[in-house]
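Peer 1: Mind having a look at this structure? Questions to follow.
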Amino acid sequence: MNIILKTLIFLLFIAISLNIDAQKKKFTLKDPYTNAGVYPERLSQLQWLTDENSYSYVDDSLLMKGFPSGKDQKILSISDLKRDFVMSNIIPPQKIPRMSWINKDILQIILRDTIYNYSIGSHLVAINNLYKSESEYIKIQDVTGDVAFTEGQNLYIYSKSQKIVVTNDNIPGIVNGQTVARSEFGITHGIFWSPTGSNLAFYKKDESMVTEYPLVDIDLRPAKVEYTRYPMAGMTSEEVKVNIYNLATKKTIEIKTGSPKDQFLTNITWSPDEKYIYIAVLNRQQNHLWLNKYDAATGKFVKTLFEETNEKYVEPLEGLHFLNGSSEKFVWMSQRDGWNHAYLYDNEGKLIKQITIGNWLVNEFIGFNPDNSMLYFTSTKESPIELHLYSIEMNSGKIKKLTNNHGTHNVSLSFDKEYFTDNYSNYYEVASEYVLSDNKGKKIKTLLKSKNPLEDYNMGKTSISTIKADDGSELYYRLITPANFDASKKYPVIVYVYGGPHAQMVTDSWLGGGGFFLQYLATQGYVVFTLDNHGSANRGFAFESIVHRQLGKAEMKDQMKGIEFLKTLSYVDTNRIGVNGWSFGGFMTTSLMTNFPKTFKVGVAGGPVIDWSYYEVMYGERYMDMPQENPEGYSKTSLLDKAGNLEGHLLLIHGTVDPTVVWQNSLMFINKCVKAGKQIDYFVYPGHEHNVRGYDRLHLDTKIFNYFQDYL
């Protein structure tokens, strides 16, 4: 083939490629908010029945039932449901509502503040219970169907549709049944039903001594100040008790947890026989934990089963996992050896053995099979950026990986652990696939495989790889190159950063864990880069806790290694590097802009922590200790004295009623910029809390994009 013919073929190939790209659709900022077609297909309400190896899901207006063998069956339509509700003189739903299985014949349906039991066989609809729509915290007891809920500062129970007053406090600052410790330590609620529903444990929080922080509601005329209790680092914290209400006697007892009063009472667990309550008690310094056992009938302290200490911090995140049919043995999850692993104990505190061992961590405890011979868990054992399901033999310790394809797997096991459903994705092959497998990992069938919903759009290319940190450890990064990428051109870069504990930005999942906004930026001609630095999740305690007492230091060091890597890429315009992040990422963005002003030309920081002494006790003191204990650390990480370093364009964004990173943070930084003669841009979202949600999020995306367009 002569050179002329080769040239003609090459030019023809280029023309065809350009024509294909030109025919592809343009991805817009509005698409994620207005176009459901950009999302992978999913199986709605996929769940296992509670007492047999069958599963159900909602397909448009039908409730379907599936089995490990055989075809899926239609068991309920919206027309059936409407008919049966009307026959029972109840206003019917207009679409299939949220449902959960009580047993293979009875569905629990929550509709308009009422809980119904619906029989598939008899088509009968019965009111099980109800609650108030204004209730903040709601917990339904699995066995009885009783409902515990809060209204204002008090706790109530609906039992057989009769309202029971559990607490009757009216002193401001006394709160019952709600989350405590600002939802740290794995705490998501404050109501704990006993296994049979005969007793209800709950948090009683006294925050009357905690500083009131003003939040301004501008929707009123004139505006009104509303207060939230916000304990800043080093200041007076809340005091918490655990009480137990007995439904038969109508009496409440207090668990004798002792002092000091500002200790943290975490991970409340009932023993299966309801004789004991277990509480992981953590001191305020968060470096000493006691797993305590209390008598559930009297509230008296029984014994400390064991203690855990660490010179940095101890962070309990989940309660005890009792073996099936046993109140004598349980699994405790701990990072005591540097990785989150499972330990088997008896109820007197004797360590029987460490179940999982290795330089990898258990992400989630799933459960035991019926005879307790196998334990199931998810882990990043295969790779820090992948998530898989594993089984381990309790006697031999033999581990088996049960999910096969690379990527991130979200699994749900059947009631007897014989089968599991798996919804997984990865960053370059699978947008979403639902698979049914047995407990040996053998695939039985594909339930749904979504096509890539973005294949018809002109998108950039996502890649994931690693660079070396100074200590030799691997740092994972995600790189998105622009649509219509031309390696001979120079492109501006936007570094998207979070960087804080308990978060991982780079994963082997659809879009690499990056989301739509970053993909959009790539379609507009930006290289988009994200690096998970030291301090981020799923890499073990040493990797994460290196940030202790010096938040931002190790993280920035790693981010600058990322910048070194970007500068080796011929297509990167090193004079046009921007950075964007929210919350801890807002702190990181502002830190990078002020510590490395010659590197970063533009930054957008949302909800940023500016000075950790203005952040709350539970998170702040875990990583920074108290300001009076670590004055040097607080001083060095504060950005208030660094405002004068600012050279590039920086946009700060904040919600005006942010109860997490209070508005004062960014306002103080603005004031420092004014005093230093530094120009800075600022935008607030009235009425929004720590993030901008709903359709207003499109406005935020547009604001950020326009800022980079203007200055980068």
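Okay, residues lined up against (1) under 29 Å from Gln628 (Cα atoms); (2) modelled with pLDDT under 95; (3) assigned by TED's automatic domain parsing to the domain that holds Val166; (4) buried (at least 18 other Cβ atoms within 10 Å of the Cβ):
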residue: Gly197; (1), (2), (3), (4): no, no, yes, yes
residue: Leu220; (1), (2), (3), (4): no, yes, no, no
residue: Arg229; (1), (2), (3), (4): yes, no, no, yes
residue: Asn243; (1), (2), (3), (4): no, no, yes, yes
residue: Thr249; (1), (2), (3), (4): no, no, yes, no
residue: Ile255; (1), (2), (3), (4): no, no, yes, yes
residue: Gly258; (1), (2), (3), (4): yes, no, yes, no
residue: Ser271; (1), (2), (3), (4): no, no, yes, yes
residue: Lys293; (1), (2), (3), (4): no, no, yes, yes
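Peer 1: Sticking with this one: Anything in the range 621-675 that is polar (S, T, N, Q) and in contact with a Lys or Arg (Cβ under 6 Å, 6 or more places away or on another chain)? List them, or say none.
Peer 2: Passing the criteria: only Asn630.
Peer 1: Restricting to helices (runs of 4 or more DSSP H) lying wholly in the range 609-711: which have 1 or more residues that are surrounded by 15 or more Cβ atoms within 10 Å (Cβ to Cβ) and over 26 Å from the mean Cα position of the chain (by Cα)?
Peer 2: Ranges flagged: 631-637, 664-676, 696-711.
Peer 1: Let me ask something else about it. Within the range 435-450, which residues are free of Cβ contacts under 8 Å to residues at least 24 places away in the same chain and in a loop (DSSP other than H, G, I, E, B)?
Peer 2: Of everything in the range 435-450, just one residue is free of Cβ contacts under 8 Å to residues at least 24 places away in the same chain and in a loop (DSSP other than H, G, I, E, B), namely Lys442.
Peer 1: Just for the range 307-354: of the residues that are acidic (Asp, Glu) and outside any strand (DSSP E or B), which one is surrounded by the fewest Cβ atoms within 10 Å (Cβ to Cβ)?
Peer 2: The selected residue is Glu311.
Peer 1: State all residues of the range 468-523 that are touching a residue at least 40 places away in the same chain (Cβ under 8 Å) and assigned to a helix (DSSP H, G or I); if no residue qualifies, say none.
Peer 2: Matches in the range 468-523: Trp510, Leu511, Gly512, Gly513, Phe516, Phe517, Gln519, Tyr520, Leu521, Ala522, Thr523.
Peer 1: Go through the residues of the range 445-458 one by one and say whether even a single one is under 23 Å from Val604 (Cβ atoms) and basic (Lys, Arg).
Peer 2: no
Peer 1: Considering only residues of the range 385-434 that are free of Cβ contacts under 8 Å to residues at least 40 places away in the same chain and among the acidic types (Asp, Glu), which is farthest from Met505 (Cα to Cα)?
Peer 2: Among them, the one singled out is Glu393.
Peer 1: Within the range 315-333, does at least one residue satisfy the condition of being outside the structural domain of Asn630 (by TED's automatic domain parsing), within 26 Å of Arg549 (Cβ to Cβ) and touching a helix residue (DSSP H, G or I) at 6+ places or on another chain (Cβ under 8 Å)?
Peer 2: Yes; the residues of the range 315-333 include at least one that is outside the structural domain of Asn630 (by TED's automatic domain parsing), within 26 Å of Arg549 (Cβ to Cβ) and touching a helix residue (DSSP H, G or I) at 6+ places or on another chain (Cβ under 8 Å).
Peer 1: Okay, next question. Taking into account only those residues within the range 490-503 that are out of contact with any strand residue (DSSP E or B) (no Cβ under 9 Å at 6 or more places or on another chain) and surrounded by fewer than 24 Cβ atoms within 10 Å (Cβ to Cβ), which is farthest from Met624 (Cα to Cα)?
Peer 2: Top of the filtered list is Ala503.
Conditions tested, residue by residue: (1) more than 27 Å from the chain's Cα centre (by Cα); (2) farther than 24 Å from Ser414 by Cβ.
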site	(1), (2)
Trp48	no, no
Met64	yes, no
Gln73	yes, no
Ser77	yes, yes
Asp80	yes, yes
Arg83	yes, yes
Ser88	yes, yes
Pro93	yes, yes
Ile109	no, no
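The values are calculated or read from the model by the stated rules, or taken from the named source; none is laboratory data. Treat the numbers as computed from the prediction; the structure is a model and nothing was measured. Reconstructed Cβ throughout: ideal geometry from the backbone, glycine too, with neighbour counts over all protein chains shown.
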